[in-house]
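Data block below; observations after.
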Amino acid sequence: MIRWTVNMVKNVFLLVLTIFIGLHVFVTPSVAVSPPSPSAIQAILIEAESGRVLFEKDAHSEQRIASITKIMTAHLGVKHGNLNDLVTISAAASTTEGSSLYLKAGQKVTLNDLLYGLMLRSGNDSAVAIAEHISGSVEEFSKLMNKEAKRLGMKNSHFTNPHGLDLDDQHYSSAYDMALLTREAMRDDTFKTIFGTKSHRAESIEPNPVWGNKHRLVNGMYPHTSGGKTGFTKLAGRTLVTSANHNNMSLIAVTLRASNDWNDHMSLFEYGFHTYENKQILFPGTLPPFPGQSATEQYTLVNGFNYPLTKEESTSLIILARLSPDKDQSSKVLVKMGDKILYEEPLIKEYREAEPSWWQNFIKKIQFW
């Protein structure tokens, strides 16, 4: 069912299209899934494309995050480095405590291998080597980490090292901030590949060790998993980030200080995939003529828009097309759910030649005769 209404307000035409999506186009689960009850003190589930939060539990408090810090390190390594660069391992990197690739001072390793060792084996020595290669020192790299965190809107985060060891009280983040970071990092295909790799052979290290991913869900525990990173220190507890794809939807789950994180993430994903559907709300292309629109005008929407919705929400969307006759004001389309604006985009206004009238065609025929 489609309903149109038209109003004139301050020389701006407001067209309201209320969409009713029938049950036959919404994929409903055969068994309803209750909201999860995670063991973690912090948890969040977001849809990666839109960033919509589908579930959260105290997701904004500052917490120690352990080795999921390395998502930021890998993100910046991919963003600012060349994968083929040969990195000389420093004495400081080779003696970093905790989980290790057992790199030796003076050894030369490609940035590519260091990134895989960082994410799959959680090598702290690799983290320091990457930081020194990108910024010259751990201290300067930490500044770069905080600059990137600010750019991404990570309001409850501060980084003092590239690996997540509890060296001070000034290294922290939140479940929400780590979801924001992971969403951004996954926009890069190189990061996404490393994030979801089960094993990697290090070609630049003799005798070419094969590193397996420590993340159980990546290794097959949950079939829809597309990537992830583990973390643990005594002070931080177990921290975990996982991504999963199913039914044309990509989800990111983050838990901090969890006693049962594998099950936490699987229950979060099952809730998300069974409760929401990623629906395409807007389709790119030339829009149909609006009431009163000049025959020489046409409006084009450049981008499409998808958004995860429950069955109930899918019946209450409103699309507003504001057409402005004023050349200084752009026309635009908005998608709303209740009073909340989910999306807005300018409409491209173009002009085309009007179709000749029957009289003009008749005159042309007379002239031809």
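The values are calculated or read from the model by the stated rules, or taken from the named source; none is laboratory data. Just so it is clear, the structure is predicted and the values come from calculations on it, not from any experiment. Note that each Cβ is placed from the backbone with ideal geometry, even for glycine, and that neighbours are counted across all protein chains shown. Heads up: the accessible areas ignore ligands, DNA and RNA and are worked out on the full protein's heavy atoms, side chains in. Shrake-Rupley method; radii C 1.70, N 1.55, O 1.52, S 1.80 Å.
Being open to solvent by 40 Å² or more (accessible area, probe 1.4 Å), in contact (Cβ under 8 Å) with a residue 60 or more places away in the chain, over 19 Å from A253 (Cα atoms) and not hydroxyl-bearing (S, T, Y) is true for just one of E203, E139. Which residue is that?
From the options E203, E139, the qualifying one is E203.
What's the number of the only condition in (1) in contact with a helix residue (DSSP H, G or I) (Cβ under 8 Å, 6 or more places away or on another chain); (2) farther than 17 Å from S67 by Cβ that P162 fails to meet?
(2)
Consider only pairs whose beta carbons are under 6 Å apart and that are at least six residues apart or on different chains; among these, list those whose first residue lies in the stretch 181-196 and is touching a residue at least 24 places away in the same chain (Cβ under 8 Å) and whose second residue is open to solvent by 60 Å² or more (accessible area, probe 1.4 Å) and of a type outside the set (A, V, I, L, M, F, W, C).
Hits for this filter: M186/K192.
Looking only at the stretch 282-304, filter to residues that are assigned to a strand (DSSP E or B) and open to solvent by 20 Å² or more (accessible area, probe 1.4 Å); which one of those is farthest from A236 (Cα to Cα)?
Applying the filter and picking the extreme gives E297.
Which number in (1) in contact with a Leu (Cβ under 7 Å, 6 or more places away or on another chain); (2) in a loop (DSSP other than H, G, I, E, B); (3) hydrophobic (A, V, I, L, M, F, W, C) marks the one condition that A129 misses?
(2)
Which of the strands (runs of 3 or more DSSP E) contained wholly in the stretch 4-116 include at least 1 residues that are at pLDDT 95 or above and surrounded by fewer than 22 Cβ atoms within 10 Å (Cβ to Cβ)?
42-47, 53-57, 86-88, 108-110
If you go through the stretch 133-191, how many residues are within 22 Å of the chain's Cα centre (by Cα), among the acidic types (D, E) and assigned to a helix (DSSP H, G or I)?
4
Given the conditions (1) open to solvent by 10 Å² or more (accessible area, probe 1.4 Å); (2) under 27 Å from N84 (Cβ atoms); (3) in contact with a His (Cβ under 9 Å, 6 or more places away or on another chain); (4) free of Cβ contacts under 8 Å to residues at least 60 places away in the same chain, which single one is not true for G123?
All conditions pass for G123, except number (1).
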